[in-house]
Amino acid sequence: MNIDNTASQMRKGVLEFCILSIIKLGEAYPSDIIDKMKSANLHILEGTLYPLLTRLKNAEFLTYRWVESSSGPPRKYFSLTPKGANFYHELESTWLELANAVEAITGKTENQ
Amino acid sequence: MKKVININFQGSVVPIEETSYELLQKYIESLRLYFAEEEGRDEIINDIESRISELFQERLKAGSTCISDEDVNVIFKNIGRPEDFEEDEVSEKKTKEKEESSEDYSFPKYPGKTKRLYRDENHKILGGVCSGIAAYIGIDPVIVRILFVISGIGFFAYILLWIFVPGSNRLENGVRKRLYRNPDEKIIGGVCSGMGSYFNVNPWIPRAFFLIPFISFFFRWGHIGSLTFPNFLSFSFSPGTLIIYIILWLVIPEATTTSEKLEMKGEKIDLNSIKKSVVDEMKGVQERVSKMGQQMGTMAKEKGEDFGKEVHFAARRSSGAIGNVIVTIFKIFAYFVFGCIALALIIALFSIAVVAIGLFPLKEFVLTDGWQSILAWGSLIFFIGLPVVGIITFIIRRLARIKSHNRAFRYSFIALWVLGLICFVALLFSVGRDFRRVSLVNEEYVQLSDPSVNTLEVNSLEYNKYARTDTWFRLEPFASFDEDTAYIANVRFRVEQSPTDSFRVGLIRVANGSTRRNADTLASLVKYTIYQNDSSLMADKAIAINTHDKFRNQGVVVIIYVPVGKHIKINKNLSRSRALRLNGPWNEDNLYDWEDEDFDYQYGVEYVMREKGLFTLDGVPADEERNNQDWNSSGNNNRNDASHDGNYRYEGASKQDSLMRVKDIEIEKMQKSVDSLKALKRQEIEKTRDSLRQAKEKLEERIQKLNDSSSQAFIKTVVPGYSFIMHI
């Protein structure tokens, strides 16, 4: 069993949840998302983020708007659609359940 | 010292070192290949490009004069290279199938580690069975798909595998080697050299596979060999290879870009291997790659999934697992229906093609040189060959997920087919005209060595050529043929009552032609051997025609006149199968429509001729017996007519004459029946008289007796009764 593999899979499971929660706070530019995640010590490559955003957008969870930029081409700012908000809430409740469950289990074993 | 060039990248001008520009191009190409199967591929690439452009601008604003290798490498590192994604991203490829991904974590990351067969959900066309197998054994999925389609049981095997093999959306086909046409070493289309590099052999080996049968085909087609055309081997191995080559040419994409050439040779595609390869072919790479990207989309996805999606969503809402089963069942059903229709179409086309190719060697015997020959080739190639090739190509292109929007190609295809159709119609018309007229009928008599035998047995003269009947394909009346002679089994035997007490044999030669004179000439050219040998009559079973005189439905009717009380038997080796007759609209002249004759005898049965016609030895009339045994024969109850008016049908030169004769005969017949009725009446009257006379005698006897024994009074009472009888 490869520790890196397991760890990266764990991370991946919550990646979309994290991205959606960042976008939920307000319109976000992809590199802002990267920065925010980086500051939370969750590293993600832009090359991974862009496809993920496109997929979420194609699933109508996200929408975007073009914003003129002083440095270079216009930027895509992503925001959550109502459908995306629902999706986010579902993920959130799943996450809370999961976190509680994991907490309960690991907490118990540590107590023993 | 480095050369700096200005590029227009995402709408802004960027000064960049030439080497860095090359790195950038290769990087983007590698991204395109990596995301080739993604739905939003172009958008993703575009987003990444604009991000890169932004980073470039930042660099330039910070004071750099141009973008250097170092800069691009830093940027690539931040964004990530495809190799990095592979580590970073394993299961995110399909968010839309998230419900499955939870259980996917137990699956092996790469099929190589613990080899198990999965259906490949990422590269699927139908259920991902073929690409799963390809990933399992490590070959190009296209090859597995083609094998599945070709093999007959493929369909059922596919459905079974679809149901029983678990799906996985994590399979990566480790093989990056794909089948391409190689334009660099091509002789015709590059098919063989592409195959050579796929299988890692010298291109001359696949070339030999195509060439050797083709060369031998030319030899055989020429003048070697007593081979009977057409046989199936010569179809599949000679012109067949040409067809296979053309199909492969159309189906296999040409390796035009560097990455495709690398894929063809099987090197792993990443930045380094691309860097290693030739750079000067990089012009127009972007167009080419994006074109390839378009081709990767599948029709199956578009059409099948539109339908599937609706059901899918509805089903997913209710419950996941059952929903999936329902979706799968729906899909299987839909594909089954589509598949059946497609299969029926293909089989129909193929059988037409096989018949046409089988018929083709007969061309020499039917068609005149020049226009008809050209028309025949035209209709064979364009009207029949083109759709066959087209449909096969269509199927394989769908399987290989190649999609092209080449309208010019499609239109020229349709135009050529219409041309073929025109050729075909013109050919039918032209050939029909050659068969329009029918020859005049005149009956000749065959000299018999001993016409007074008791039994005549008709036997067939065997031909060497004719003995060969084991060809897979037969078309009546063509019995067999070789390069310049064809034998046609247009020989019919009729049995008539002989007016004399000896056998007599008549022979009628007939033919069609474009004019009546032409038909007469052809009929007179028919060579037919028939002679008597003791009690057997030896007769040709078929007539030979050659390529010069052509087939114009030449035929022979042998009429055997059997005297009353003698026996006749026509042996089975002369029987003709009633399968398919070459009977066309040109037989408009009903007067001579000898094709329609129905015979009232059976082959291999001995008959005796009586006054009323043919009878079996058991005493059953031949036509009745036949009626009992052959539910097909409907028109043979006019047997009596045939024995009476059989001759007139051939003697009459004009319709009027013959019509008058028909009338005469009818009147005669009516007269006869009236006569026989009269005779019957007379007989009855005679009988009644007889019986009355007898009764009278008996009564007289009794009266005598009574007179002897009893009184006078009793006699008186009897007398009136007696007189009453007399008066009746």
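The values are calculated or read from the model by the stated rules, or taken from the named source; none is laboratory data. Since the model is a prediction, treat every value here as computed from it, not as a measurement. Here the Cβ positions follow ideal geometry from the backbone for every residue, glycine too, while neighbour counts run over all protein chains shown.
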### Task
Answer yes or no: is there a residue in the stretch A:61-69 that is part of a helix (DSSP H, G or I) and either of a type in the set (Asp, Glu) or touching a residue at least 60 places away in the same chain (Cβ under 8 Å) (or both).
no
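How many residues, within the stretch B:56-81, are facing chain A (nearest Cβ under 8 Å), assigned to a helix (DSSP H, G or I) and either touching an Asp or Glu at 6+ places or on another chain (Cβ under 9 Å) or within 22 Å of A:HIS43 (Cβ to Cβ) (or both)? Step through it out loud before you land on a result.
Filtering the stretch B:56-81 down to residues facing chain A (nearest Cβ under 8 Å) leaves B:56-58, B:61, B:78-81.
Applying the additional criterion that residues be assigned to a helix (DSSP H, G or I) yields B:56-58, B:61, B:78-79.
In the following step, the residues that additionally are either touching an Asp or Glu at 6+ places or on another chain (Cβ under 9 Å) or within 22 Å of A:HIS43 (Cβ to Cβ) (or both) were identified as B:56, B:58, B:78-79.
Selection size over the stretch B:56-81: 4.
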### Task
List the number of the failed condition for B:THR368; all other conditions in (1) exposed (fewer than 14 other Cβ atoms within 10 Å of the Cβ); (2) modelled with pLDDT of 75 or more; (3) not charged (D, E, K, R) hold.
(2)
### Task
Considering each of A:LYS57, A:LYS36 in turn, give the residue that is under 11 Å from the mean Cα position of the chain (by Cα), part of a helix (DSSP H, G or I) and more than 7 Å from every other protein chain (Cβ to nearest Cβ).
A:LYS36
### Message
For the stretch B:20-37, give me each residue that is outside any helix (DSSP H, G or I) and buried (at least 20 other Cβ atoms within 10 Å of the Cβ).
### Response
B:PHE35
#### Entry: In the stretch B:35-45, the residues that are more than 9 Å from chain A (Cβ to nearest Cβ) and of a type outside the set (D, E, K, R)
B:ALA36
### Query
For the stretch A:81-90, does any single residue satisfy the condition of being away from every other protein chain (no Cβ under 14 Å), assigned to a loop (DSSP other than H, G, I, E, B) and β-branched (Val, Ile, Thr)?
yes
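Considering the stretch A:91-112 alone, what residues qualify as being of a type in the set (Val, Ile, Thr), within 19 Å of A:LYS12 (Cβ to Cβ) and either surrounded by fewer than 10 Cβ atoms within 10 Å (Cβ to Cβ) or away from chain B (no Cβ under 14 Å) (or both)? Before you say what the answer is, go through the steps one by one.
Here is the first cut: in the stretch A:91-112, the residues of a type in the set (Val, Ile, Thr) are A:94, A:102, A:105-106, A:109.
Cutting the leftovers down to within 19 Å of A:LYS12 (Cβ to Cβ) gives us A:94, A:102.
Listed by number, the list holds a single entry, A:VAL102.
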### Task
Name the residue, out of B:GLU17, B:GLU49, that is without any contact (Cβ under 8 Å) to a residue 60 or more places away in the chain, within 12 Å of chain A (Cβ to nearest Cβ) and charged (D, E, K, R).
B:GLU49
### Message
Within the stretch A:39-54, take every residue that is in a loop (DSSP other than H, G, I, E, B), within 12 Å of chain B (Cβ to nearest Cβ) and more than 22 Å from A:THR94 (Cβ to Cβ) and give me the one that is modelled with the highest pLDDT.
### Response
A:LEU45
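This table checks each residue for (1) touching a Ser or Thr at 6+ places or on another chain (Cβ under 7 Å); (2) in contact (Cβ under 8 Å) with a residue 60 or more places away in the chain; (3) of a type in the set (D, E, K, R).
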position	(1), (2), (3)
B:TYR27	no, yes, no
B:SER30	no, yes, no
B:TYR34	no, no, no
B:GLU43	yes, no, yes
B:GLU83	no, yes, yes
### Task
Working only within the stretch A:1-24, note down all residues that are more than 9 Å from chain B (Cβ to nearest Cβ), more than 22 Å from A:TYR88 (Cα to Cα) and part of a helix (DSSP H, G or I).
A:ILE3, A:THR6, A:ALA7
### Summary
If we keep only residues of the stretch A:60-74 that are surrounded by 15 or more Cβ atoms within 10 Å (Cβ to Cβ) and among the hydrophobic types (A, V, I, L, M, F, W, C), then the residue nearest to the other protein chains (Cβ to nearest Cβ) is A:PHE61
